[in-house]
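Working notes for the structure below.
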Amino acid sequence: MLDKVWLVLLFPLLGFLLNGLFGWKFKRGLINLIACGSVGLSFLVSLGVFLDLLKLAPEARHFEKVLFPWVVSGSFKTAFSFLVDPLSALMILVVSGVAFLIHIYSTGYMHDDPGYVRYFSYLNLFTFSMLLLVLADNLLLMYIGWEAVGLCSYLLIGFWYEKKSAADAGKKAFIVNRIGDFGFALGIMLTFVIFGTVYFTPILERAPEVLQYGGAAATAITLLLFLGAVGKSAQIPLYVWLPDAMEGPTPVSALIHAATMVTAGIYMVARLSALFLMAPVSMLVVAIVGGVTALYAASIGLMQNDIKRVLAYSTISQLGYMFLACGVGAFGAGIFHLMTHAFFKALLFLCAGSVMHALAGELNIQKMGGLKKHMPVTYWTFLMGTLAIAGIPGFSGFFSKDEIIWKAFSSAQGHFLLWFLGAAGALMTAFYMFRLLFLTFHGKSRLTPELEKRAHESPNKMTVPLIILAVLAVIGGYVGIPHLLGGGNRIEKFLEPSFGQVSKAVETHHSGGVELLMMIISVLIALGGVYLAYTFYIKKTELPKKLAERYRSIYTLIYNKYYVDEIYNAVIVQPLKFFAIICWRFFDVIVIDGSANGLAKLVGLIGNLIRRFETGYVRNYALGFVVGVVIILGYFMLR
Amino acid sequence: MNMGESFPILTVVTFLPALGIVLLLLVDKNRQLLVRNVALFTSLVTFLVSLFLYFKFDPGTGDMQFVELYSWIPSLGMGYHMGIDGISLFLVLLTTFLTPIAIWSSYNAVTEKVKGFMISILALETGMIGVFVSLDLFLFYVFWEAMLIPMYFIIGVWGGPRRIYAAVKFILFTMTGSLLMLVAILALYFVNQSYTGVATFNLLDYQGIQIPFNYQIWMFLAFALAFAIKVPMWPLHTWLPDAHVEAPTAGSVLLAAVLLKMGAYGFLRFCFPLFPEATIHFIPLFSILAIIGIIYGAFVALVQKDVKSLVAYSSVSHLGFVMLGLFALNMQSLEGSILQMLSHGISTGALFLLVGMLYERRHTRLISDFGGISKVMPVFAAFFMIVTLSSIGLPGTNGFVGEFLILLGTFRENWLYAAFGATGIILAAVYMLWMYQRVMFGKVDKPENQKLKDLSLREKLILVPIVIVIFLIGIYPSAFTSRMEASVAKLMETVNEKYRVEEVMPQVQPRRDFQIDESQLEVSTHSFGGGEIHRGQ
C-alpha cells in the first residue's frame, strides 16, 4: 500500500474534476457517490498506508515516492513526490477520516442549496489539497497544498457570494493568508540558499551541521516560515480572518476552519522540528505567540453571542495551545492535541450546524435555550465535545491539553509564565464552552414561537457523523495516556521517528509528584470554569448583566474584540488606499503625463514663437538678413 | 554555422501571415465571414507550423538553431539572418499561439472595416515574429519599427473614444526610444568596424568584441531606454494604460501578451550579451526601478475604476517581476523571467479576452457597472476565476512558477530586493480579488446585468486552450525550462564567467562553508565577479 500512497490524492482530485466539470448534468445520487465515495476511498487507502507503516520497525518508517518533476531550474529541483512517515501517516488518516464524515454530513446539511455540486467539488478539491500539503516531501510542493487549501477556503467562505459579508470574508481570508505566505515563500528561498535543497529529509538531517545553533540563519528561516504558519493557523496578529470565515457553510467551518486546514501551520512547524530546534529564539517566539493567542482568543470567546463565533475564537485559542506545545519542544503533544481537537472541534461545529439547521439559520445563543428536549442527539454529542475541550478527565482533550500545559511548565524551554498562559486559557475555555452549552441547550427556551415549533432533530445523515465524532472525542485521548497514569503515551512514541532526537532534547527532569500536582491543578481549573459558567448561566442568570454594567469599559472592549479590525483598517488599509490614490492621481496623471504632455506643449509653444517670424513680408526677411550679416561680420571682425 | 538547413522554417513562420494578407487582398471586403475565416485559418496554420520548432528544437545546445543566413545588402554588411534559441523559441510560440485566439475573439467585436483589421493583425504577427527571430540588427530594427504601424492603426482606427490620443501617445513614446536605439545600433556598427574592419550588422559577430566600458554605458542606455519604454518600466509606463483602454480586445491581447515582451527580450538578446559590464554596472538602478514598478503598478491597479486599466497596471507590476529577474542574472531568475513573460502573456491576454467578452455584452468596462455576474454567467465566472488565480500566481498555475523562480533567483543575489519584490504577491491578490468580487459577486442589482448570456461555444473554445496552457506551465514547467536551460547558461556565460561554473555543473551537497551566520546574511548581496569587472571608470 505504501507504494500506492498517491491514490490518497488521486481519488479526491478525480472527484473534484468529475463533479466540477460534469456535475451539472449529474443526478443527486451520483454527485453524492462521487463526492463521498472518493473521500471514503481516500480514507481506506490512508488506513492501508497507516497499517503498512505500523508493520515496519519504528526506525524504518520512512517512505518516499516520486511521481514526476515539477519546477526544475539549474540546481533548484522539486518534484511531485511524497513522504510517508508516522507524522504524515497520522495526518492523512485524520484528514481523510474527518473529511469523509463531514462529506456525509454535508449531504444532509446542504440538501436544499442550489450550489450543491459546486459545494461538493470545492470540498473534494480541499481534501485533495490538504492531503497534498500533508504528504509533500519538499517545501515547495507543500506550498502548493498550502495555497490551494487557502483557495478552497476562499471559495467556500464566499460560497454564498451574493452576500457581501461572505464575499468580503473570503477575500479577507485569502489576503491575510497571503501576508503569511509572503513569509513562507521567503523562508523557502532562504532555505534553498542555505541548504541548496528544499526537500525535508536532507534539510532535517543536515540542519544540525549546516546551521549554527542560535545563528541568524536558523532564526531567520524559522521566523519566516513561522509567519506563514501564523497566517494559516490564525495566530496573533493574523488571526482576524478566521472569525469572519464563519460566513461559510457550517460543515466547511468544521472541516476547514477547525479540524484540518488551520492546523497546517502546526503541521509545518512540527514537520520542520529539527530546524526550529536550532533556533531557540524562534522557539520562544512560537511559544509566546501560541500562549498569548490561546489566552487572548479565549477571552474574546467569553462574550460572543454568535454560536459559530464562540467556536471560531475557541479554535484560535486551541491552535495557540498547539503552538505553545511546539514552542516548548513538545511537538508530539502539539500533534496529539491537533488530532483530538480535530475530533471534538469538528463535532462541536457540526452540532452548531445541526442547531442552525433546526432553527432556520439562527446563530444568536441569547435567542436559544432549552434545545435539549428538541434535539437530544445533538445535545448529548455537543456535551461530549464540550467535556473534551474543557479538559475534563477521561475525555480526549484532557490528555492532550494537560500534556501541553505540563510541558509548557516542565520542558527545558518551558517557563512558569507560559504555563500560566495555558492554565488561564484553560479556565476561560471551560467557562465559555459551558456558557455556550447552557445558553443553547439548557434553561428556559428563548426561541420565537415559530422557531419553537420548527425545532427538530436533524436527519440521520447528520446525526450519525455526530455520534461517530462524539465517540472519537471521548476515546481519542486514550492513545496518549501519560506514563504517570500508567499509560505508555503511545502516540508520542509512534511519532518519535518523525521528530528525531527532539523528544529527548526536551526531556523533563521533574519528579512524578510535581507532575501529579500540576495535573490536579489543571483539573481543578477546568472544574472551576464549569462551576463559574453554571453559576452565571443556570443559577444566577442575572449575574452576567450586573457584571457587564459594573465593568462597562472592559466589557465593551472585549465584546468588540478589542477593536482590532477597526485598528487594522485605520492604520493599514486606509493609508495604503490613500497612497494608491496619490500614486495614480498625482504621480501618474500630473507628474509623468503632465511632463510628457508638457513637453509636447513646449514644442508647440516654440513652434508658435518661431512662426511669428514667418510673416510673409519681404521687408522683415530683409531686415533679418541684414541683422544676421552684421552679427556674423561683427563676430569675425572683433575676434 | 549551420547554413544548409534544408527547410527555411523561420522564414516560413514569419511570412505565412504576410501570405495570408495577400490572400485577403483577393477576397471581397463585403464577405466579412470569409475575410475572418481566411485570417483565422492563416494564423492557425502558422501556429501549427511553429509547433515544429518546439519539437525539433535541440535542448542540448545554447547556440542558435534553424539558422538562415543570406546576404542582403552586402556593401553595408546587412544580412538576412534568422535563428532562435531557447529564449526566443517560446516567444515565437507565444505569438503564434495567441494570434489565432485574438483573431477569433474579434469575430463579433469588430464589424467595421473587417478586412483592414485582419490585414493589420496579420501584418502585426509577421512583425512580431520577425522581431524575435532576427539576428541581424538592421533586420531587427526593420521589424521592430514595421510592427508599430499596424498597431497604430489597430488602436487608432478600431479603438475606443480616445483612440487618437492613445495611438499618438503610443507611437511617440515608442518612437522616442527606437530612435535612440537606432543611433546605438549605428554606433555599434562603427565601433565594430573600427575594431575588426568588417562592416556587419550581424548580432553574433558583435559578441566577440570587447567594447570599452564608457562606450558600453551609453549604448546600453540607448538600447535600454527603447526597451524600458516597451516593457514598460516605471516611470515610462503611462502610455500603456491609455493604449490598453482604447485598443480593441484583440489589440490589447497582442499588445500585452507579445509587444511588451519585446522590451524584456531586447534586454536579454542585445543589452546583456553586448554590454555585459554596463549591465552589471546598472544592476542596482534597474532592480530598484523594477521593484518600484512591481509595487507602484499594484497600488495604482488597486484604485482603478476601469477593468482594462486595472489589468494594464497589473502588467506594469508583473513586468516589474520580469525585469527584477533579468537583472538578478542567475539561472533561476532568468528562467523565471522567461517563464513569467509567457505566463503574463497567457494570463493577461486571457484577462483582456474576458473583459472584452463582458464589454461586448454590456458596452462598459467600469467596475461599478457590474456586480453579481457570477449568478448570470456561471461558466464565464469559472474561466474568469481560473485566469484571475493564474494572474495572482497561485501555485499549480503558470503565474506561480515564473514569479517564484524570479524571486528565488533574486533572493540569492540580494535578499532585500526579493523581499520587496515579494510584496507584489500580496498586492496582486488584493487588487485582483477585489476587482473580481466587485464584478462577479454580490447581488445582480443592475437591471442591465440580469439578462446577460453566458459564454457561447466560440468563446469557450477560445478560452479552453488558454486554461490548458495555464495548468501545463503550472504543473509541468520542466517542459519549458528544459529547453531554456542551455541558452540561459550560454547567456550567463557571456555576461559573467563565474556563473557558468556555479550553475551548469550540478550543485554538490550543501557544504559547511555555505553556512550563513549574522555577518554573512549581508554578504549574500551582490557578488558579481568581484574584482574582474572594473566599475565606473
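The values are calculated or read from the model by the stated rules, or taken from the named source; none is laboratory data. None of these values were measured; they are calculated from a predicted model. Cβ placement follows ideal geometry from the backbone for every residue including glycine, while neighbour counts extend to all protein chains displayed. These accessible areas exclude ligands, DNA and RNA; they are computed on the full protein's heavy atoms, side chains included. Shrake-Rupley method; radii C 1.70, N 1.55, O 1.52, S 1.80 Å.
Answer yes or no as to whether A:L576 is within 14 Å of another protein chain (Cβ to nearest Cβ) and either under 30 Å from the mean Cα position of the chain (by Cα) or in contact (Cβ under 8 Å) with a residue 24 or more places away in the chain (or both).
Answer is yes for this residue.
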Quick count over region B:69-116, residues being buried (at least 19 other Cβ atoms within 10 Å of the Cβ), among the aromatic types (F, W, Y) and under 30 Å from B:E335 (Cα atoms), is 2
Can you tell me which residue in region A:62-78 is nearest to the other protein chains (Cβ to nearest Cβ), limited to those that are of a type outside the set (A, V, I, L, M) and open to solvent by 60 Å² or more (accessible area, probe 1.4 Å)? A:F68
Extreme residue, nearest to the other protein chains (Cβ to nearest Cβ), among residues of region A:79-114 that are over 30 Å from A:C351 (Cα atoms) and under 25 Å from the mean Cα position of the chain (by Cα): A:F80
If A:T448 satisfies all but one of (1) open to solvent by 10 Å² or more (accessible area, probe 1.4 Å); (2) among the hydroxyl-bearing types (S, T, Y); (3) within 25 Å of the chain's Cα centre (by Cα), what's the number of the condition it fails? (3)
When (1) closer than 21 Å to A:L350 by Cα; (2) modelled with pLDDT of 90 or more are applied to A:L418, the one that fails is (1)
So A:G115, is it in contact (Cβ under 8 Å) with a residue 12 or more places away in the chain, surrounded by fewer than 17 Cβ atoms within 10 Å (Cβ to Cβ) and of a type outside the set (S, T, Y): yes
Do any helices (runs of 4 or more DSSP H) lying entirely in region B:421-537 carry at least 3 residues that are under 21 Å from B:L351 (Cα atoms) and modelled with pLDDT of 50 or more, and which ones are they? B:457-475
B:L416: passes all of (1) at pLDDT 90 or above; (2) open to solvent by 10 Å² or more (accessible area, probe 1.4 Å); (3) within 7 Å of another protein chain (Cβ to nearest Cβ) but (3)
Have a look at A:L204, A:L242, A:L238 and point out the one that is farther than 23 Å from A:A294 by Cα and not charged (D, E, K, R). A:L204
If we ask which residues in region B:360-387 are without any contact (Cβ under 8 Å) to a residue 60 or more places away in the chain and under 27 Å from the mean Cα position of the chain (by Cα), their number turns out to be 4
Hey, among B:G297, B:G325, B:G293, which residue is crowded, with 24+ Cβ neighbours inside 10 Å, within 19 Å of B:E493 (Cα to Cα) and within 12 Å of another protein chain (Cβ to nearest Cβ)? B:G325
Extreme residue, nearest to A:G183 (Cα to Cα), among residues of region A:98-156 that are in contact with a Pro (Cβ under 6 Å, 6 or more places away or on another chain) and among the hydrophobic types (A, V, I, L, M, F, W, C): A:I144
The listed residue being in contact with a Pro (Cβ under 8 Å, 6 or more places away or on another chain), surrounded by 12 or more Cβ atoms within 10 Å (Cβ to Cβ) and in a helix (DSSP H, G or I), out of A:I592, A:I582: A:I592
Select, from B:F15, B:F47, the only residue that is open to solvent by 70 Å² or more (accessible area, probe 1.4 Å), touching a Ser or Thr at 6+ places or on another chain (Cβ under 7 Å) and under 27 Å from B:K115 (Cα atoms). B:F15
Quick one: which of B:I229, B:I288, B:I280 is within 14 Å of chain A (Cβ to nearest Cβ) and β-branched (V, I, T)? B:I229
Qualifying residues in region A:164-178 (those that are within 8 Å of chain B (Cβ to nearest Cβ) and surrounded by fewer than 22 Cβ atoms within 10 Å (Cβ to Cβ)) - the one nearest to B:W415 (Cα to Cα): A:I175
Kindly list, by first and then second residue, each pair from a residue in region B:466-484 that is on the phi > 0 side of the Ramachandran plot to a residue that is of a type in the set (D, E) and surrounded by 15 or more Cβ atoms within 10 Å (Cβ to Cβ), limited to pairs with Cβ atoms under 7 Å and residues at least 6 apart or on different chains. none
Which of the residues spanning region A:191-200 are open to solvent by less than 10 Å² (accessible area, probe 1.4 Å) and either more than 7 Å from chain B (Cβ to nearest Cβ) or at pLDDT below 90 (or both)? A:T191, A:V198, A:F200
Just to be sure before I move on: is A:A600 surrounded by 10 or more Cβ atoms within 10 Å (Cβ to Cβ) and either away from chain B (no Cβ under 14 Å) or over 30 Å from B:S309 (Cα atoms) (or both) in the structure I sent? no
Matching option when the condition is part of a helix (DSSP H, G or I), more than 9 Å from every other protein chain (Cβ to nearest Cβ) and either crowded, with 22+ Cβ neighbours inside 10 Å or in contact with a helix residue (DSSP H, G or I) (Cβ under 9 Å, 6 or more places away or on another chain) (or both), among A:I221, A:I188, A:I144: A:I221
All but one of (1) more than 7 Å from chain B (Cβ to nearest Cβ); (2) touching a residue at least 40 places away in the same chain (Cβ under 8 Å); (3) among the hydrophobic types (A, V, I, L, M, F, W, C) hold for A:F182, so report the exception by its number. (1)
Sole exception among (1) part of a helix (DSSP H, G or I); (2) of a type in the set (G, A, S); (3) more than 9 Å from every other protein chain (Cβ to nearest Cβ) for A:G214, by number: (1)
Among the residues of region A:288-298, the number that are more than 18 Å from A:A330 (Cα to Cα) and either open to solvent by 10 Å² or more (accessible area, probe 1.4 Å) or in contact with a Pro (Cβ under 7 Å, 6 or more places away or on another chain) (or both) is 2
Exactly one of B:G160, B:G130, B:G60 is touching a residue at least 24 places away in the same chain (Cβ under 8 Å), under 18 Å from B:A256 (Cα atoms) and part of a loop (DSSP other than H, G, I, E, B), and that one is B:G160
Just checking, does region B:131-145 include any residue being over 23 Å from B:Q32 (Cβ atoms) and charged (D, E, K, R)? yes
State which residue is nearest to B:A422 (Cα to Cα) when the search covers only region B:300-314 and only residues that are within 10 Å of chain A (Cβ to nearest Cβ) and of a type in the set (S, T, Y). B:Y313
